[in-house]
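The structure under discussion appears below in the form of structure tokens.
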Amino acid sequence: MTPRRLARLFPWLVLAAWLGMALLGPLLAGRANQVDLPRILAPPSATLPLGADDLGRPVLARLAAGAGTSLAVGFGVVLVSAAIGALLGGIAGFAGGWVDLVIVRIIDVFLAFPGILLAIALAGILGPGLGNVVIALAVVSWVGYARLLRAQVLSLRGRDHVLAARALGAGPVRILLRHLLPLAAAPLIVEATFGVAGAVVAEAGLSFLGLGVQPPAASWGTMIRDGVSQMLTAPHLVAAPGAALMLVVLAVNLLGDRLRDRLDVRTAAR
Amino acid sequence: MPAAILTRLGAALVVVVGVCTLVFLLIHLVPGDPVEAMLGERAQASDRLALRAALGLDLPLWEQYRRYITGLLHLNLGQSFLDQRPVAAILAERLPATLRLALAGLGIALVVALPLGMLAARFRGTALDSAAMTLSLAGISIPNFWLGPLLILVFSLWLGWTPVSGDEAPASIVLPAITLGTALAAILARMVRASMLEVLGEDYIRTARAKGLGEAAVLWRHALRNAWLPVLTVIGLQLGGLLAGAVITETVFAWPGIGSLLVDAIKARDFPVVQGCVLLISLCYVLVNALTDLAYVWIDPRIGAR
């Protein structure tokens, strides 16, 4: 295999490994929570490919369980926030007038909270747990989709086929879903791809701060946080989940870049 | 022009009011009873009533909101539950450390991104270009809560060059600033490259070369000046990411700023402090973005004339 071919395949391989681990995670769930004191902080070996953590649990099984968490949050957040954001953005662009004005002002207010700051505060106030993580991140990330779809609808709603549909008596919901959404799908998909990467990092970040999923459920962010205190004696505890996280984010971002080039979408600087 | 500035300020004001409202509502999102969440389940009924009255939580929502906004106008952000001190005083104490860290992070990002992006653009399509862009992709993808511990491991624990955490020695800021600045450096390097590529094809660059200017003078004095505008936009937008990233970075390095204050306050359920931190960081961000817009006029006089 040539290096070029390998580079093309790289993100797909990482993605396949991520999916595979997430799917196999439940099978290893028993092992992931198996406390085994004699092998505490065991370094990587033939029987324990990635070693064991501070409770003697196999790091590989924990990693697989964490893959499940990041996958669920990554896609959960994107599905929820893209649906809400596209709906509100679509309504704003299509309805115009004061409806548009109100939604745009709401979007502006949410954009004034930098990055995942609001998610950190929300997750802290709502309390830990997978569901609350998804809610906190969705509250923060719907705005991007709303802004995107509003802009798309504004530029598309004067097209002839929309006028034709309206002349045929199609209602606003039908026009939005059948005649506008398909045309706006390409940039939405690109945005959603980057959104998955963002949500995966954000989930790990929240878990790192102790605001994400709670033990015994696994998260790569929690694994990094727990590993930091053992860093000098067992660096593999920090290295493994961090490398997994970085590879997944890198792979998803690469796919997003390619998708953007392929679909010829111009996006604003992220 | 003044009209444009006024419109901009008006929009910013609406956003500020919205941010304050949302931050006020945060505390009412606590599932169940915030007082119970603060005191724990075994608290006496009389204690609960007393706290509720002390916080004004027994008043109608509208009255609470009026009080909160009135307080904000007097720079009164309430009192910390934990040590009974005014939140504003605690924030004022912590803000300098965060600003110092953010500025250092921004400085590192610029020092890395400008040469990297310019070289990548100048030697477009070469191995140098792809190496720089691969490096920047890695920089975008590396989570700061992983980079931070790795830096501590190598430079503090193995090499012993820098302190592990805190803010006691002058060298303490080095690792947090690198951790915070890396992502911004990576994003900026890409932006500088793209922006330079557009500029390098212009006639005045050819003119500058033709009149015998050195390559460095062409790049720094002629090309970069015109490539600044999109780069500045990205800096303004990404400063928010920098401030939010400071929350995690400060936690990693036990840096005594607003970010670690926020995380500690969340864990202690000290809601007035949580609200204060979120409010302060967001308002800083709004301010920076407004200033960025105004800086355009200064950097590019053509905008003001339009």
Only one of A:Leu50, A:Leu23 is on the phi < 0 side of the Ramachandran plot and either at pLDDT 75 or above or part of a helix (DSSP H, G or I) (or both), namely A:Leu23
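Would you mention how many residues in the stretch A:190-214 are away from every other protein chain (no Cβ under 11 Å), within 14 Å of A:Ala123 (Cβ to Cβ) and assigned to a helix (DSSP H, G or I)?
Pass one, the stretch A:190-214, residues away from every other protein chain (no Cβ under 11 Å): A:190-193, A:195-196, A:199, A:212-214.
Filter once more, so that each one left must be within 14 Å of A:Ala123 (Cβ to Cβ): A:199, A:212-214.
Still in the running and assigned to a helix (DSSP H, G or I): A:199.
Going through the stretch A:190-214 one residue at a time, the tally reaches 1.
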Reported set for the stretch A:215-233 where residues are among the aliphatic types (A, V, I, L, M) and either surrounded by fewer than 24 Cβ atoms within 10 Å (Cβ to Cβ) or within 11 Å of another protein chain (Cβ to nearest Cβ) (or both) is A:Ala217, A:Met223, A:Ile224, A:Val228, A:Met231, A:Leu232
Of those in the stretch A:92-128 that are part of a loop (DSSP other than H, G, I, E, B) and open to solvent by 20 Å² or more (accessible area, probe 1.4 Å), the residue farthest from the other protein chains (Cβ to nearest Cβ) is A:Pro128
When every residue in the stretch B:18-69 that is surrounded by 12 or more Cβ atoms within 10 Å (Cβ to Cβ), more than 11 Å from every other protein chain (Cβ to nearest Cβ) and under 19 Å from A:Leu126 (Cα atoms) is compared, the one modelled with the highest pLDDT is B:Phe24
For the stretch B:291-298, state whether one or more residues are within 11 Å of another protein chain (Cβ to nearest Cβ) and in a helix (DSSP H, G or I).
no
When restricted to B:Arg206, B:Arg269, B:Arg302, the only residue at pLDDT below 80 and over 18 Å from the mean Cα position of the chain (by Cα) is B:Arg302
Subset of the stretch A:184-208, residues closer than 27 Å to B:Phe155 by Cβ and either open to solvent by 30 Å² or more (accessible area, probe 1.4 Å) or at pLDDT below 90 (or both), comes to A:Val201
- Message: Yes or no: the stretch A:173-187 includes at least one residue that is in contact (Cβ under 8 Å) with a residue 40 or more places away in the chain and either within 13 Å of chain B (Cβ to nearest Cβ) or of a type in the set (Asp, Glu) (or both).
- Response: no
Exactly one of A:Val201, A:Val190 is under 23 Å from B:Val247 (Cβ atoms) and of a type in the set (Val, Ile, Thr), and that residue is A:Val201
Kindly establish whether B:Val154 is assigned to a helix (DSSP H, G or I), of a type in the set (A, V, I, L, M), open to solvent by less than 10 Å² (accessible area, probe 1.4 Å) and within 14 Å of another protein chain (Cβ to nearest Cβ). no
Taking first residues from the stretch A:243-254 that are within 8 Å of another protein chain (Cβ to nearest Cβ) and second residues anywhere that are outside any helix (DSSP H, G or I) and open to solvent by less than 10 Å² (accessible area, probe 1.4 Å), the pairs with Cβ under 8 Å that are 6 or more apart or on different chains are A:Leu245/B:Pro143; A:Met246/B:Pro143; A:Val249/B:Pro143
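The values are calculated or read from the model by the stated rules, or taken from the named source; none is laboratory data. None of these values were measured; they are calculated from a predicted model. Reconstructed Cβ throughout: ideal geometry from the backbone, glycine too, with neighbour counts over all protein chains shown. All accessible areas refer to the heavy atoms of the entire protein, side chains included, with ligands and DNA or RNA removed. Shrake-Rupley method; radii C 1.70, N 1.55, O 1.52, S 1.80 Å.
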